[in-house]
1. First compute the accessible area of the chain with a 1.4 Å probe, then give the percent of it belonging to carbon and sulfur atoms.
2. Quick one: net charge around Y24, please, counting Lys, Arg +1 and Asp, Glu -1 for every other residue with C-beta under 12 Å from its C-beta.
3. Express the accessible area of the range 1-73 per residue in Å², computed with a 1.4 Å probe while the remaining protein chains stay in the model.
4. Mind putting a number on the dipole of the range 52-164 about its Cα centre? Charges go on the C-beta only, +1 for Lys and Arg and -1 for Asp and Glu, and I need it in Debye to the nearest 20.
5. Exposed loop trypsin sites (Lys or Arg not before Pro) only (DSSP loop, at most 11 other Cβ atoms within 10 Å): please give the longest stretch of the chain free of them, not including the sites.
6. Per the Kirkwood formula on distinct C-alpha pairs, the Rh of the range 68-133 is how many angstrom?
7. Kindly count the pairs of lysines across the range 1-124 whose alpha carbons are less than 17 Å apart, treating pairs on different chains or eight or more residues apart as eligible.
8. Which of these values of volume of the Cα convex hull per residue in Å³ was calculated from the structure shown: (i) 95; (ii) 118; (iii) 127?
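The values are calculated or read from the model by the stated rules, or taken from the named source; none is laboratory data. Keep in mind that this is a model prediction, so the values were computed, not measured. Glycine also receives a Cβ, built like all others from the backbone with ideal geometry; neighbour counts cover every protein chain displayed. With ligands, DNA and RNA removed, areas are computed over all heavy atoms of the protein, side chains included. Shrake-Rupley method; radii C 1.70, N 1.55, O 1.52, S 1.80 Å.
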Amino acid sequence: MANDKLVTCLWFDKGQAREAAEFYASVFPDSHVGPAMQAAADYPDGHAGDELTVDFTLLGQAFVGLNGGPAFKPNEAVSFQVMTDNQEETDRYWNAIVGNGGQESECSWCKDKWGFSWQIVPRALMKAMKNPDHAAAKRAMEAMMTMRKIDIARIEAAVEGVDA
């Protein structure tokens, strides 16, 4: 794994960890699916020999997917914030997540089909919201509040005080 000192473990319903890891690796660069670990004994939601975990790297970060069963579900308290450099990259990530059984939410947020929340955030949005001109930052935030997927041209127009 890329970093074995701190690895984020994601809990999936039985058998979904590999599917999710393979999807994430197909969408994001610097990502790949690594080895799996089979359960050495029966466990509450599985049997000896079942795929218990799968290691994967996502955007260079180490994760382990745990096929833990239906006991726990992800929620918006934790999300993956992916910074993008342009509209094409923003659209590609957003459309991949939403188009694979996910759902749109507000202000750059969407949810994948496994229930994990993502923020697909153009760097241009963060720059606009940190603008030292408070009125420009306010306009950018107000524009963002009307969006689901972020439209960089509309954010930049808001900073300038014009309609896109």
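1. On the way: 4680 of 8960 Å².
So the carbon and sulfur contribution to the accessible surface is 52 percent.
2. Computed value for this residue: -2.
3. Values: 4020 Å² over 73 residues.
With all protein chains present, the range 1-73 gives 55 Å² per residue.
4. Numbers: 12 positive and 15 negative charges, 56 e Å.
It comes to approximately 260 debye.
5. Between the exposed loop sites, the longest stretch runs 6-129.
6. 12.8 Å
7. Eligible lysine pairs with Cα atoms under 17 Å apart amount to 4.
8. (ii)
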